[in-house]
Amino acid sequence: MQAGVTVALQLGTGRVQIIGTGLATSATVGGDRVVSLSEAPLDRLFARGRLDPVDADRNRQLHEAGDKLRTHHHYAGLSGIAANDPNHSGGGSGAHRTPITETMERHRRALRIAESAMDAGDWRVVVDVICAELTLEAAGRAVGYGNDHGAAAVALDRLRRGLSELATLWGFSPPSRPAGTTLVVSNAAVSEAA
């Protein structure tokens, strides 16, 4: 199921109501109306092996990091029905930034740590694709690229970099060594380990 979408079954009528982002209004699935739900962009990229087309394990690690970010975003009360705050009482709206439970605060703190772990441009694309569930083209256009193919390529590159930072931060993948560095092991360390 797509994050940020709530499915509600109306008990009296037996109709299913879809509420969430990307819909102009809430939609009721009935006899004359069909509502299509699609995979989230992160899940689609993972299923097609596009997060890391060379290494399947790395593809999985990047997906797990993105899924954890999406979970933090949801439990922080920043997506779905919890983000609605019609009374402007605070707590439900991301704009107010006032969590109403300790759980929300804990997840918002995790989001702030994740944001500080990466470049601001990468963070924007990561949040747009994973939390707002924008397409790569839309996320790339949001950071200033007008050509659809160029926007998608830039967004995918920034998404990969951002997810790589998150995977390292949250322990899904080991930290990478900078290019050109070699691991130096002394003979004393080898004999000590043996």
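Every number here is computed from the coordinates shown, using simple stated rules; none is lab data. Just so it is clear, the structure is predicted and the values come from calculations on it, not from any experiment. With ideal geometry, Cβ positions are generated from the backbone for all residues, glycine too; neighbour counts draw on all protein chains shown.
General observations
- Between His149 and Ala56, the simple spin-label model (points 7 angstrom out along Cα→Cβ) gives 3.0 nm.
- Taking 0.36 nm per residue of separation and subtracting the Cα-Cα distance, full extension of the segment from Thr135 to Arg48 would add 29.9 nm.
- Computed lengthening from Ile100 to Arg112, 0.36 nm per intervening residue step minus Cα-Cα distance: 2.6 nm
- Contour minus Cα-Cα distance for Thr71 and Ala142 (0.36 nm per residue): 23.2 nm
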